[in-house]
Each structure stands twice: as C-alpha cells, then as structure tokens.
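Derivation of every value follows stated rules applied to the coordinates shown; laboratory data play no part. Keep in mind the model is a prediction, meaning the values are calculated, not measured. Every residue, glycine among them, receives a Cβ derived from its backbone with ideal geometry; neighbour counts consider all protein chains shown.
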Amino acid sequence: MDCFILAGGQSKRFGEDKILFRIGGKRTVEYVIETARRVCNRVVLVVKERSKFQDLDVDIVEDLLPDRSPLVGIFTALKTTDRPETLILGGDMPLLKEEVLRILIKDFEEPVTLFSTNGKIQTLVGIYSKGVLGLMEDYLRRGGRSIIGFLEEVKFKVVPDQKVREVDPELVSFTNLNTKEDLKLVLGRLT
C-alpha cells in the first residue's frame, strides 16, 4: 500500500511551518514518514512547494489544484497513485504509532475507512479507495472543500477508539501539532 502524507498546510495557528519544525533533532514530518515506512511500500509527500522538502529522502508530488485544503491533498494522492487504495496521513502527527496504522490496514473496507476518537472522525488517518476519485472530483468542482462534507456523500467505515486504545490507550497518535500548546504535549511524549 502507498502512503501519502499531506504537508501543504499554512500552519497559521502554529505561527511557523509546523511540518518542518524541529523536535528532538528531526522535523515533525520525519516522524510521520518513519512510521509510515514501517507499514507501507511507498511514502509520498503531497505539498504546495516542492522546494521546501527537497532534502527529505521521500517522493514528492505537488497539489494538482491551487486551493489549500486537505481534501485537495487527498484528491492529489488518489489521482497520482496507481494503487487501488491509499493510506492518507496528516504530516503534523509526530506521535502516530505504527500499531494504530496496522489496525486501520487490517480493518479496511471499501471505499473509505477512518478512525473515530472521542466522537471525532479522524479524516487524516485513513484509507481512501481510488474508487471515490470521481465523486471527489465532482465535489471539488462544485466548490466543496470539506473532507467531512465529502464523506457525507459516500459510505465509509469507522473504526472505534476502543480498538485503538488497545495499542494507544491515551490516543496520542491523533495529536496534531497545531499550536505551541500542542508542542508542549509532543515534547513531553517524545523526550
């Protein structure tokens, strides 16, 4: 299975580029890349500006549409992969555990499988089937940009957090590095 890591956000709440922010000698996205490599054959970054990521040892594709939204990143991943399904990850999740991804892969059902943690659908730790590409393209053409809005138009499976808690009791895998407060939590877990 291919993994596409979305790394094209603006990091407005963080105040600087959170994807390339150094934590313990590595950039945030490097933690995600390392975890993804343990479960996937190929890892690809989906970015807006290729030049910012040239020094990373990973394949890179630029978003196919000019809009900045995670859904555009997912669309780009599905459009450029030749695999029937693709693991999609946010690039700002340095605490993501390999075991969590293995649960997702094992429980995958067409066309989309995602986690739900504490009642929240985790749209950027999921497996998306290439079969939803046409519907996604149509949704984007109509001006849709919300992943949840798109998911309301397709069937998807949810893996409940009880299953995740078996390997990640505190659900730290789903910690996004969005703010400096999040950084404190991440630093506490990584050191």
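Counting DSSP beta bridges with both partners in region 57-191, what percentage is antiparallel, nearest 5? Don't jump to the answer; show the numbers that get you there.
On the way: 11 of 15 bridges.
Just about 75 percent of them are antiparallel.
Under the classification rounded if a/c is under 1.5, otherwise prolate if a/b is larger than b/c and oblate if not, where does region 80-191 fall, given a ≥ b ≥ c as square roots of the Cα gyration tensor eigenvalues? Mind dumping the intermediate values first?
Numbers: a/c = 2.08, a/b = 1.57, b/c = 1.32.
It is prolate, given that a/c is not under 1.5 and a/b is the larger ratio.
Starting from the Cα of R37, step 7 Å along the direction of its Cβ; do the same at S146; then give the gap between the two resulting points in nm.
Output for this residue pair reads 3.8 nm.
Within the chain, which is the longest segment that contains none of the GluC sites (Glu not before Pro) sitting in a DSSP loop with at most 14 other Cβ atoms within 10 Å?
Working: sites that count: E16, E49, E109, E152, E153, E166, E170.
Formally, the longest exposed-site-free interval is 50-108.
Please report, in whole Å, how far the alpha carbons of region 2-190 spread along each principal axis, starting with the longest.
Over region 2-190, Cα extents along the principal axes are 41, 40, 30 Å.
Identify the trypsin sites (Lys or Arg not before Pro) of region 57-156 meeting these criteria: DSSP loop state and at most 12 other C-beta atoms within 10 Å of the C-beta. Intermediate values should be presented prior to the final figure.
Details: sites: R68, K79, K97, R102, K106, K120, K130, R141, R142, R145, K155; in loops: R68, K97, R142, R145, K155.
Loop-located and lightly packed - R142, K155.
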